[in-house]
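Read-outs: derived from the displayed coordinates by stated rules, not from any lab. Source: prediction; values computed, not measured. All Cβ positions, even for glycine, are placed from backbone atoms using ideal geometry, and neighbour counts span all protein chains on display.
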Amino acid sequence: MIYNWQQPDWPDFKYDLIDIEDIMFSFAEEMGRVSGVLNGLSKDSQSETLVNMMVSEAIKTSEIEGEYLNRQDVVSSIRNNLGLNRVPANVKDKRAKGIGSLMVDVRQTYDEPLSKEKLFSWHKMLMEGSRGVQIGKWRSHKEPMQVISGAAGKEKVHFEAPSSRQVPSEMDRFIAWFNETAPGGKKQIKKALVRSAIAHLYFESIHPFEDGNGRIGRAIAEKALSQTLKRPVLLSLSKTIEANKRQYYAALEKGQRSNHISSWIKYFTETILLAQRQARQLIDFTLKKTKFFDHFKDMLNERQLKVVKRMFDAGTEGFEGGMSAAKYISLTKASKATATRDLQYLSEIKAFIIEGGGRSTRYVLNLREL
């Protein structure tokens, strides 16, 4: 198998944009809608939306790589890094602490040129607490860097990256390309979605670190998108990718077989567009949450408020399985009679909607009339 980096035209990527013109137009429309809805929120709600988006990205970019982080630790880490906690919260999980730092730094330094030092800094954040991995430096092992699937003895090699000895020169060339294609650069790529797609594929094809390449590669895609748009993007690319990982890996594998990458760009730009649409849904959700509390805040006691906040914390995906009497008791430590009475009251005032019946009765937040 000959991969993209082994071909004589590497890294002279070629592509046709005819198939993505509608995608780019739709993305511009979605961006306008997102900006409009976001500007209609209060500053607190805007901050909440930003935190929720970054939390989603942090959790999903980790899940793609098989790491499952505690949501509250990630929330605390991001809020600490944004300076939103008067007293910094204690984050026990070093992985959550690191990914939170990375998410905030990517957003706050989006307009800065890319450098080897910045990539090493991101890697140190990401790998905090990791053992047996070279941290904050390019990989140097002699063994091939391969992307493999399948059981032992039946492995399938999907991709093999350049050897470790080639990484320093390949990364020097990648960093130069990234900065030259930025706004004002001598090789500027004006179409944000296209530059982001190429940047991600290019970086992933070099695979310069022992671990963390996927997560840093997605951060690079976000940086490229934000730089070219000249403002930080508000979307979770990893959430969209994680929802269909097989499609992502299949598109990436195909994109790494040739330097004619039209199909990869089409896949990646469609993914960015979907991520932007999901971001608008999250902002709409935040707006409904604000209206919900404005309407019901004086009608809820401390116990009921705790449950409602916990349900909203689950985000747009909703509280798994809805709220039940058993979950209510577990969250509030209330008696069964109190839990039943509270749930009945919350449905009577139309804060909750009842779904199912009997032992299968579940309660969900009523956001339909807000």
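If I model a spin label at S263 and S45 as a point 7 Å from the Cα along the Cα→Cβ vector, what separation in nanometres do I get?
4.4
Can you pull out the GluC sites (Glu not before Pro) in region 260-351 that DSSP calls coil and that have at most 12 other Cβ atoms within 10 Å?
E320
What FRET efficiency comes out for V157 versus E67 if R0 is 22 angstrom and r is the Cβ-Cβ distance? Round to the nearest 0.05.
With a Förster radius of 22 Å, E is 0.40.
Which whole-number percent gives the relative contact order of the chain, counting Cα pairs below 8 Å spaced six or more residues apart?
With pairs under 8 Å counted, the relative contact order is 19 percent.
Identify the trypsin sites (Lys or Arg not before Pro) of region 292-349 meeting these criteria: DSSP loop state and at most 10 other C-beta atoms within 10 Å of the C-beta.
Within region 292-349, the qualifying trypsin sites (Lys or Arg not before Pro) (loop, at most 10 other Cβ atoms within 10 Å) are K333.
How do 96-105, 179-188 rank on mean C-beta neighbours within 10 Å, highest first?
96-105, 179-188
log10 I(q)/I(0), Debye, Cα-only the chain, no solvent, q = 0.08 Å⁻¹?
-0.47
Which residue fluctuates the most in the chain, going by a Gaussian network model with Cα springs under 10 Å, if the choices are M31, M299, M323?
M299
Can you list residues whose amide H is under 5 Å from H158's amide H, if they're 5+ apart or on another chain and H is modeled 1.01 Å from N?
V147, I148, S149
Highest mean first, how do 1-8, 45-52, 165-172 rank when packing is the count of other Cβ atoms within 10 Å averaged over residues?
Top of the packing list down: 45-52, 165-172, 1-8.
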